[in-house]
């Protein structure tokens, strides 16, 4: 296979492998932000989700139970964030950072005994069965969680567009005054949006420990939960665009290693920064001074 | 995220504990026990670098008259200085082992100058009698020869003639390993190439998995690594049907099918000697080095996939190394850019000081250091 083909297959595989956690965590963040709240705690939720999923799968032998447990852990931690941010004069950002530290701390503390053992992993669906190329076969071995992520994205988009529930979340996120005038429970809506969003982030964490790179250790997430905040801006708070953003991020992340294998060996630090450069470039290209971002929920503010 | 280092247990303890002795006057010397401090950059059960040290520390605890204090996940920043300071001030440590590469300069050197009565021994640093304090020093194992043997075994297992090496950072110790692995493999078959991928960090699980996968896609069928925790590389390679050579510790449990052999540390050899000296009140050596022959390094048992020919060849090479003075890097050797890196007429054995500033990759390695 020629070099360009190799890089492309690697980027395709990388996009499918690496993007899923980004997809889940950005969908979770998207839901929370559409209700008018920021949750920086999703980094901690992801790490905790990864640990809980790995531990549960190891103890019970069932990886799906692990995914469920990760979602549950996310729900609890997100619920905590949601409940506390509902109190008067609580700053979302500061609280999110506290949740992030708490989540990683709890995960490191309870995760100690699970660094060594090998847990049962989630099997992949071999969509590449028709191909004779082992590279393509491997690239197309898609995790069911990725498909679940796609389904969640479309379901969420539909919910925002066509359901009463979606409309309520949007009103709460767009204008608190309007929501109150309509008699909508602002705090309760935000609480559920935050908790559910974190449950999704927890599933993203489960992907890290049970699918790829499929191992629990303390450096596992390395900031992916924080990038979700940028990804949601990038996706303009649209769940379907979160898919594109996550795939682009995954593919850009696979660029560094695959370029080295085909012999482009200079400047790998630069290529590793590719995902962040892409984000930065798009943000710069689309943000203009004196204008709010298109699609940004009206209630969203970091000053609150 | 390293934010958990902001307020480590020790920093808080140090804050509250330092005030008390100041009021009570000079601190009483601890009983007869000699306290030794170990500092690790990662978790001590990572199947890798830190585990190799922690296992030896655990053995050291059993020595009578020795007390061991440990702290893991200490960043290569001012954090490590705080940790060292509190080990000296609070625990009364007389001998410290900051084990990670980045701890040496400037953090450990600064502390050594500050507390001249405490002995500091760094793993891997290049201690220099003319520049550095006498209560500092360094020790390291010549594990490169282990990677040389890995290379020989790998050469017998590969079908595609392409080997892979997942490396963290292009520092001398890592480059020596990459070079030795390539030299071992190419001593069996000069048509073999070694693909090296640098991940840029000591522990980056997603990148390590990506690197292993992209090598598998490229047809590499035996892989080894030099990262802090080889677990992700070894497990990913096993899933992709590749063979692996281990590093740091024994990873055969993680890859029962494809694990060939591995280069492991045997630090207890060093620590036992240092501890005995410290207990007797003597300063341990300032510049301690040893390899397979000295027992600082050992090889994992051969896995089921190793052929008899491979075993025989590796054992023959090992016997040669055990005699001492065996030089892999011989005069006239070229790097992968065509420059002569070992002057004609000189041979670098594993003990050669020149190797500790290696900045090149030998011919046959695909990759670059920048």
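The values are calculated or read from the model by the stated rules, or taken from the named source; none is laboratory data. Remember, it's a predicted structure, so these values are computed and weren't measured experimentally. Reconstructed Cβ throughout: ideal geometry from the backbone, glycine too, with neighbour counts over all protein chains shown.
For the reader, a short list of remarks on this structure follows.
- The range A:99-126, residues that are away from chain B (no Cβ under 11 Å), part of a helix (DSSP H, G or I) and surrounded by fewer than 16 Cβ atoms within 10 Å (Cβ to Cβ): A:110
- When the range B:344-370 is filtered for residues that are at pLDDT 90 or above, part of a loop (DSSP other than H, G, I, E, B), more than 14 Å from chain A (Cβ to nearest Cβ) and surrounded by 12 or more Cβ atoms within 10 Å (Cβ to Cβ), the ones remaining, listed by number, are B:346, B:347, B:358, B:359, B:363.
- Output for the range B:266-291, where each listed residue is surrounded by fewer than 17 Cβ atoms within 10 Å (Cβ to Cβ) and farther than 22 Å from residue B:48 by Cβ: B:273, B:276, B:277, B:280, B:281, B:282, B:283, B:285, B:287
- Residues of the range B:214-246 that turn out to be surrounded by 24 or more Cβ atoms within 10 Å (Cβ to Cβ), farther than 19 Å from residue A:9 by Cα and at the interface with chain A (Cβ under 7 Å from one of its Cβ atoms), as a count: 3
- If only residues of the range B:249-260 that are touching a helix residue (DSSP H, G or I) at 6+ places or on another chain (Cβ under 8 Å), more than 10 Å from chain A (Cβ to nearest Cβ) and not in a loop (DSSP other than H, G, I, E, B) are counted, the one that is farthest from residue B:47 (Cα to Cα) is B:260.
- Residue B:263, sole failed condition from (1) under 14 Å from the mean Cα position of the chain (by Cα); (2) buried (at least 24 other Cβ atoms within 10 Å of the Cβ); (3) not in a strand (DSSP E or B): (3)
- Subset of the range A:127-153 [part of a helix (DSSP H, G or I), within 20 Å of residue B:209 (Cβ to Cβ) and free of Cβ contacts under 8 Å to residues at least 60 places away in the same chain]: A:134, A:137, A:144
- Any hit, the range B:74-83, residues being outside any helix (DSSP H, G or I) and touching a strand residue (DSSP E or B) at 6+ places or on another chain (Cβ under 7 Å): yes
- For the range B:35-54, taking the residues that are in contact with a helix residue (DSSP H, G or I) (Cβ under 7 Å, 6 or more places away or on another chain) and within 28 Å of residue B:280 (Cα to Cα), the one that is farthest from the other protein chains (Cβ to nearest Cβ) is identified as B:36.
- Within the range A:218-226, one or more residues are free of Cβ contacts under 8 Å to residues at least 40 places away in the same chain and either in contact with a strand residue (DSSP E or B) (Cβ under 8 Å, 6 or more places away or on another chain) or at positive phi (or both).
- For the range A:192-213, the set of residues classified as more than 15 Å from the chain's Cα centre (by Cα) and surrounded by fewer than 24 Cβ atoms within 10 Å (Cβ to Cβ) consists of A:192 only.
- Look at (1) under 30 Å from residue B:201 (Cα atoms); (2) part of a loop (DSSP other than H, G, I, E, B); (3) at pLDDT 90 or above and you find that residue B:328 fails only one, number (2).
- So residue B:314, is it modelled with pLDDT of 95 or more, crowded, with 20+ Cβ neighbours inside 10 Å and either in a strand (DSSP E or B) or away from every other protein chain (no Cβ under 14 Å) (or both): yes
- Considering residues of the range B:278-309 that are part of a helix (DSSP H, G or I) and at pLDDT below 90 only, the residue farthest from residue B:144 (Cα to Cα): B:279
- Residues within the range B:293-308 that are farther than 20 Å from residue B:59 by Cα and either surrounded by 20 or more Cβ atoms within 10 Å (Cβ to Cβ) or without any contact (Cβ under 8 Å) to a residue 60 or more places away in the chain (or both), tallied: 5
- Residue in the range A:178-196 that is over 22 Å from residue B:198 (Cβ atoms), part of a helix (DSSP H, G or I), in contact (Cβ under 8 Å) with a residue 40 or more places away in the chain and within 14 Å of another protein chain (Cβ to nearest Cβ) present: no
- When residues of the range A:220-248 are limited to those that are at the interface with chain B (Cβ under 10 Å from one of its Cβ atoms) and crowded, with 24+ Cβ neighbours inside 10 Å, the one nearest to residue B:215 (Cα to Cα): A:220
- Count of residues meeting criterion [in contact with a helix residue (DSSP H, G or I) (Cβ under 7 Å, 6 or more places away or on another chain) and either surrounded by 24 or more Cβ atoms within 10 Å (Cβ to Cβ) or outside the structural domain of residue B:246 (by TED's automatic domain parsing) (or both)] in the range B:177-191: 6
- Evaluation of residue B:104 against the conditions (1) more than 23 Å from residue B:276 (Cα to Cα); (2) modelled with pLDDT under 90; (3) in contact with a strand residue (DSSP E or B) (Cβ under 6 Å, 6 or more places away or on another chain) shows that the sole unmet condition is (2).
- Qualifying residue in the range A:249-271 (condition: assigned to a loop (DSSP other than H, G, I, E, B), away from every other protein chain (no Cβ under 14 Å) and either at pLDDT below 80 or surrounded by fewer than 16 Cβ atoms within 10 Å (Cβ to Cβ) (or both)): no
- Complete set of residues in the range B:185-209 that are at negative phi and under 19 Å from the mean Cα position of the chain (by Cα): B:196, B:197, B:198, B:199, B:201, B:202, B:203, B:204, B:205, B:208
- Residue check, residue A:75 in contact with a helix residue (DSSP H, G or I) (Cβ under 7 Å, 6 or more places away or on another chain) and either surrounded by fewer than 24 Cβ atoms within 10 Å (Cβ to Cβ) or modelled with pLDDT under 95 (or both): yes
- Tally of residues being within 14 Å of another protein chain (Cβ to nearest Cβ) and out of contact with any strand residue (DSSP E or B) (no Cβ under 7 Å at 6 or more places or on another chain) across the range A:141-169: 1
- Just one of the listed residues (B:144, B:125) is surrounded by 23 or more Cβ atoms within 10 Å (Cβ to Cβ), in contact with a helix residue (DSSP H, G or I) (Cβ under 7 Å, 6 or more places away or on another chain) and at pLDDT below 90, and it is B:125.
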